[in-house]
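To keep things clear, I will list the structure first and then write my remarks on it.
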Amino acid sequence: MRRTIYTDEHEQFRTLIRSLVQSEVVPHYPDWEAAGAVPKSFYRRLGELGVLGIRVPEEYGGAGVTDLRFSAVIAEELARAAVGFGGVRVHTDIVLPYLLDCASPDQLARYLPGFVSGETMTSIAITEPGTGSDMASIRTSARREGDTYVLNGAKTFITGGANSDLFLVVCRTSRAEGDRRGGLSILLVEADSPGFAVGRMLRKVGLHAQDTVELSFTDVAVPAANLLGEEGRAFEYLTGNLAQERLSIAFAACAAAEAAIEVTRRYVSERRVFGEPLSDFQNTKFVLADCHAETSAARALVDRCLASDADGDLTPVEAATAKLFCTEVQGRVVDRCVQLHGGYGYMVEYPIARLYADARVSRIYGGTSEVMRSVIAKAL
Ligand SMILES: Cc1cc2nc3c(=O)[nH]c(=O)nc-3n(C[C@H](O)[C@H](O)[C@H](O)COP(=O)(O)OP(=O)(O)OC[C@H]3O[C@@H](n4cnc5c(N)ncnc54)[C@H](O)[C@@H]3O)c2cc1C
C-alpha cells in the first residue's frame with residue numbers, strides 16, 4: 001500500500017537506524033536479553049546520534065520535531081529485526097510530553113540536556129501492586145512539609161527503571177471527598193534520593209531486553225521545586241498525554257505484525273513439507289493473505305493517526321481506536337505466523353518466536369484492550 005506520511009528526511013533517518021540496528025544492536029541482543037536490560041552506554045550512543053532528542057526543543061540540544069513520525073520509523077526498523085531499544089520508547093514518546101507540557105523553565109533546563117544526551121534516562125511510575133487500570137486508586141502518597149514532599153509507597157511494572165536516573169512518580173498529595181480523580185500529583189524523583197529503592201527486576205514472558213522493575217519510596221524527601229505542573233492535576237495530565245502513548249503502542253504493534261508476515265513469507269518459501277515448498281499450500285497462501293489484509297487495514301488507520309498527530313489534532317478516541325485495533329491485529333497475525341513455522345516458531349532463535357512473546361503485552365500496557373473499548377464506547 002502506498003504510504004504518504006514520510007518525507008525524504010524520515011527515509012534518510014530510516015537508513016541510519018537500519019544500519020545502527022544491524023551493527024550495534026543485533027550482534028549484542030542475546031547478551032542484552034540475558035542481562036534483562038539495554039546497557040546505559042547504548043543510551044548514550046543513541047544520545048550522540050541525536051535519537052533521544054528528536055522531539056526536544058532546539059534550545060535544550062534537541063531537533064525540535066513535534067510529531068511522532070521519527071519514532072514510528074524507529075519502531076518499524078526495530079520490528080524488522082525483531083529487537084528493541086529497552087526503555088527508549090518510554091523515555092522519548094511517553095515521558096517527554098509530560099516534561100514539555102508541564103515542567104517549569106528551571107526543570108527543563110536542569111533535566112533536558114541530560115535527557116537528550118542519554119545521561120539522564122527517565123521512567124514514568126503510575127502502576128502500583130493494587131492499582132493499574134483504575135489510576136484514581138493510586139495510594140503512593142506525598143505529604144507537604146515545608147519546602148519538601150515526603151513520599152511513601154510502592155510502584156510496580158516500571159519500564160526502564162533499573163537504568164533510569166529520573167522518575168515521574170504519580171502520587172496522592174490530598175484527598176477530596178467525592179472526587180477520586182482529584183488530589184493526584186506528579187513528582188520528579190531522582191534515582192539517588194535517600195529512601196528511594198529500585199526493587200527486583202521482574203521476569204517477563206517477552207521484551208527480555210527491556211528492564212521492568214518494582215520501586216519503593218520510604219520517607220523520600222522530594223524538593224517542592226520538583227513538583228511537575230500543578231498540585232492535584234495529575235489525572236488531567238495523564239489523560240491528556242495518553243493519546244500519543246497509545247498511538248506509539250499502535251504503530252509499534254502494526255510494525256511488528258508487518259515484520260511477522262515478512263519473516264514468515266521468507267520461511268514458508270524455504271521450508272519443504274511432503275516434498276513441496278510450504279508456500280505452495282493453499283492454506284499457507286490464504287493465511288498470509290488474511291494476515292496481509294488485516295495488517296493493511298491497521299496500517300491505513302495508524303498512518304492516518306500519525307498524520308493527525310503531525311497536524312496536532314489526534315483525539316484520545318482515535319488513539320484508543322488505533323491501539324485497540326492494531327494490537328488485536330498484531331496478536332492474531334503473530335499467532336498465525338507462529339503456526340506456519342510449525343515447531344520452529346516455538347524456538348527462541350527464530351525471530352517469529354520473539355515477535356510472538358513480545359506481542360502479548362501490547363494489549364495490556366498503556367491501557368488494556370478493555371479500557372480502550374470503554375474509551376471508545378463512551379464516545380459513541
Ligand atoms: C511489560 C510491562 C511494562 C509496563 N510499564 C509500565 C510503566 O513503565 N509505568 C507504569 O506506570 N505502568 C507500566 N505497566 C503497567 C500497565 O500499564 C498495567 O499493567 C495496565 O495498565 C493494566 O493494569 P493491571 O496490570 O493492574 O491490570 P488490572 O487493572 O488489574 O486489569 C485486570 C483485568 O481487568 C480488566 N479491567 C480493568 N478495568 C476494566 C473495566 N473498567 N472494564 C472492563 N475490564 C476492566 C483489564 O482489562 C484486565 O483484563 C507495564 C506493564 C507491563 C506488563
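The values are calculated or read from the model by the stated rules, or taken from the named source; none is laboratory data. All figures in this text were calculated on a predicted structure; none of them were measured in a lab. Glycine also receives a Cβ, built like all others from the backbone with ideal geometry; neighbour counts cover every protein chain displayed.
Quick notes on this structure:
- Thr239, sole failed condition from (1) within 14 Å of the ligand (Cβ to nearest atom); (2) surrounded by fewer than 18 Cβ atoms within 10 Å (Cβ to Cβ); (3) farther than 30 Å from Asp313 by Cβ: (3)
- Residue list for region 115-135, filter: without any contact (Cβ under 8 Å) to a residue 60 or more places away in the chain, closer than 30 Å to Arg44 by Cβ and over 16 Å from the mean Cα position of the chain (by Cα): Thr120
- Of Ala298, Ala253, Ala209, Ala257, all but one fail to be in a loop (DSSP other than H, G, I, E, B) and crowded, with 18+ Cβ neighbours inside 10 Å; the exception is Ala209.
- Where Ala310 falls short, out of the listed (1) crowded, with 18+ Cβ neighbours inside 10 Å; (2) closer than 23 Å to Ala250 by Cβ: (1)
- Residue count for region 213-226, restricted to those that are under 18 Å from Leu96 (Cβ atoms) and either within 20 Å of the chain's Cα centre (by Cα) or outside any helix (DSSP H, G or I) (or both): 0
Condition check ((1) within 16 Å of the ligand (Cβ to nearest atom); (2) modelled with pLDDT under 95; (3) crowded, with 17+ Cβ neighbours inside 10 Å) across all residues:
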residue: Lys204; (1), (2), (3): yes, no, no
residue: Ile249; (1), (2), (3): yes, no, yes
residue: Glu262; (1), (2), (3): no, no, no
residue: Arg266; (1), (2), (3): no, no, no
residue: Glu276; (1), (2), (3): no, no, no
residue: Phe281; (1), (2), (3): no, no, no
residue: Val287; (1), (2), (3): no, no, yes
residue: Glu294; (1), (2), (3): no, no, yes
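- Test: residue in region 169-178 that is basic (Lys, Arg) and either near the ligand (Cβ under 10 Å from one of its atoms) or crowded, with 23+ Cβ neighbours inside 10 Å (or both): no
- Candidates in region 136-163 are the residues that are among the aliphatic types (A, V, I, L, M) and in contact (Cβ under 8 Å) with a residue 60 or more places away in the chain; of these, the one that is nearest to Asp93 (Cα to Cα) is Ala162.
- Of all residues in region 363-375, those that are over 13 Å from Leu247 (Cα atoms) and free of Cβ contacts under 8 Å to residues at least 24 places away in the same chain have Cβ atoms under 9 Å from Cβ atoms of residues that are of a type in the set (A, V, I, L, M, F, W, C) and more than 6 Å from the ligand (Cβ to nearest atom), 6 or more apart or on another chain, in Ser374/Ala320.
- Test: Leu340 is more than 16 Å from the ligand (Cβ to nearest atom), under 20 Å from the mean Cα position of the chain (by Cα) and modelled with pLDDT of 95 or more: no
- Filter result (of a type outside the set (Val, Ile, Thr), within 13 Å of the ligand (Cβ to nearest atom) and in a strand (DSSP E or B)) within region 124-154: Ala125, Glu128, Gly153, Ala154
- Residue match in region 310-332 (condition: over 30 Å from Asn241 (Cα atoms), assigned by TED's automatic domain parsing to the domain that holds Gln244 and of a type in the set (Ser, Thr, Tyr)): no
- Scanning region 26-76 for residues that are β-branched (Val, Ile, Thr), farther than 26 Å from Thr4 by Cβ and surrounded by fewer than 21 Cβ atoms within 10 Å (Cβ to Cβ) yields a single hit, Val26.
- Number of the condition not met by Ala136 [criteria: (1) crowded, with 20+ Cβ neighbours inside 10 Å; (2) at pLDDT below 95; (3) not acidic (Asp, Glu)]: (1)
- Residue, modelled with the lowest pLDDT, within region 164-192, restricted to residues that are over 27 Å from Val88 (Cβ atoms) and of a type in the set (Asp, Glu): Glu177
- Answer residue from region 348-362, given it is out of contact with any helix residue (DSSP H, G or I) (no Cβ under 8 Å at 6 or more places or on another chain) and either near the ligand (Cβ under 10 Å from one of its atoms) or free of Cβ contacts under 8 Å to residues at least 60 places away in the same chain (or both) and is farthest from Cys254 (Cα to Cα) among those: Glu349
- Just one of (1) within 30 Å of Ala176 (Cβ to Cβ); (2) aliphatic (A, V, I, L, M); (3) at pLDDT 95 or above fails for Leu242. It is (3).
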